[in-house]
Amino acid sequence: MACLLAQEPIKDERGELAPPILVLETAALDLWIAEYDAIERQLGQGGGMQEIKPTAAKGAENLLRIAGIFAVVEGRERIGADLIDRAAVLVRWYLGEALRLTNPSKVDPQLLQAQRLLDWLLTNHWHSFDARTLQREGPPFIRKSAKQRDSILAVLVEHRWLHTVDGKTFNLAPSATTANFATTRAAQGQKVCDTIATRCDSDTPTPHLSQPVATLSQQPNPAATGLVAKVANVAAPAKFRGEI
């Protein structure tokens with residue numbers, strides 16, 4: 001990036017900017033059209049993105065811009081299908097966040113469960129644990145089944161709040177215990193409870209915690225959240241071991 005910023009802008013004989021043309025490969029065009037159509041189908045009456053139509057309608061256009069930025073940063077002269085695919089991940093995330101902020105009731109239930117588990121782990125100081133012990137001694141909603149336990153743990157691993165190398169033992173990421181807590185938590189007397197839970201899982205007062213998985217700050221000056229930082233890694237996707 002430093003080398004890119006140090007370059008002189010390309011200009012024509014009249015001194016006007018003449019940026020190079022990025023060629024959109026055939027496979028990339030086909031993939032972009034598919035993404036465009038997928039967004040358009042959700043904009044109509046009863047569609048999943050009806051509430052954010054003005055924003056979502058620009059999704060495919062922004063997707064192409066993001067892919068172009070990837071190409072420039074990586075020194076490519078052509079936009080390949082891989083860049084479209086990576087840009088699509090970012091656009092889907094941004095549209096999902098726009099929808100969530102517009103209509104909080106549509107938050108993925110699994111994200112809410114993952115948030116509850118993260119809060120429980122932090123409150124009870126479970127910085128390192130194994131899946132079986134969590135199944136026996138964890139909060140009630142995590143003890144329902146091993147399948148549900150694993151799916152919720154997978155969400156926390158995906159968002160880098162948990163680390164695991166074997167899919168059996170887990171460790172809280174340092175960011176989960178050191179980041180500033182960016183949302184308001186509901187205080188009830190001497191208890192501090194989850195804002196999305198129905199009751200407190202512990203009587204222990206909760207310290208300042210990390211940014212939640214599902215409930216981002218809705219204050220006018222949004223905090224820099226862990227999820228936002230991790231989404232940026234789409235430009236160079238992290239590889240998970242597939243242990244969950």
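Among the residues of segment 55-69, is there at least one that is at pLDDT below 90 and surrounded by fewer than 14 Cβ atoms within 10 Å (Cβ to Cβ)? No: zero hits. Being under 30 Å from residue 10 (Cα atoms), of a type in the set (A, V, I, L, M, F, W, C) and in a helix (DSSP H, G or I) holds for only one residue in 154, 67, 114, and it is 67. Among the criteria (1) touching a helix residue (DSSP H, G or I) at 6+ places or on another chain (Cβ under 7 Å); (2) surrounded by 14 or more Cβ atoms within 10 Å (Cβ to Cβ); (3) touching a residue at least 24 places away in the same chain (Cβ under 8 Å), the one residue 120 does not fulfil is (1).
Residue 126 - would you say it is in a loop (DSSP other than H, G, I, E, B), over 20 Å from the mean Cα position of the chain (by Cα) and not β-branched (Val, Ile, Thr)?
Answer is yes for this residue.
Say we look at segment 1-52 and pick out the residues that are among the polar types (S, T, N, Q) and in a helix (DSSP H, G or I); which of these is surrounded by the fewest Cβ atoms within 10 Å (Cβ to Cβ)? Looking at the filtered set, the residue picked out is 26.
Hey, can you tell me all the residues within segment 157-179 that are among the aliphatic types (A, V, I, L, M) and either within 18 Å of residue 108 (Cα to Cα) or outside any helix (DSSP H, G or I) (or both)?
Within segment 157-179, 157, 162, 165, 172, 173, 179 meet the criteria.
Please state which one of 16, 8, 51 is farther than 14 Å from residue 88 by Cβ, among the charged types (D, E, K, R) and under 22 Å from the mean Cα position of the chain (by Cα). It is 51. Residues of segment 129-147 that are surrounded by fewer than 15 Cβ atoms within 10 Å (Cβ to Cβ), of a type outside the set (Asp, Glu) and not in a loop (DSSP other than H, G, I, E, B): 132, 133, 136, 140, 146, 147. Only residues that are under 22 Å from residue 63 (Cβ atoms), among the β-branched types (Val, Ile, Thr) and surrounded by fewer than 20 Cβ atoms within 10 Å (Cβ to Cβ) were counted in segment 80-117, giving 2.
Checked against (1) touching a Ser or Thr at 6+ places or on another chain (Cβ under 7 Å); (2) of a type in the set (Asp, Glu); (3) without any contact (Cβ under 8 Å) to a residue 12 or more places away in the chain, residue 12 passes all but a single condition, namely (1). Looking at this structure, is residue 171 within 30 Å of residue 44 (Cβ to Cβ) and out of contact with any Lys or Arg (no Cβ under 8 Å at 6 or more places or on another chain)? Judged against the criteria, residue 171 is not a match.
The values are calculated or read from the model by the stated rules, or taken from the named source; none is laboratory data. On a predicted model such as this, the values are computed, not experimentally measured, just so you know. Every residue, glycine among them, receives a Cβ derived from its backbone with ideal geometry; neighbour counts consider all protein chains shown.
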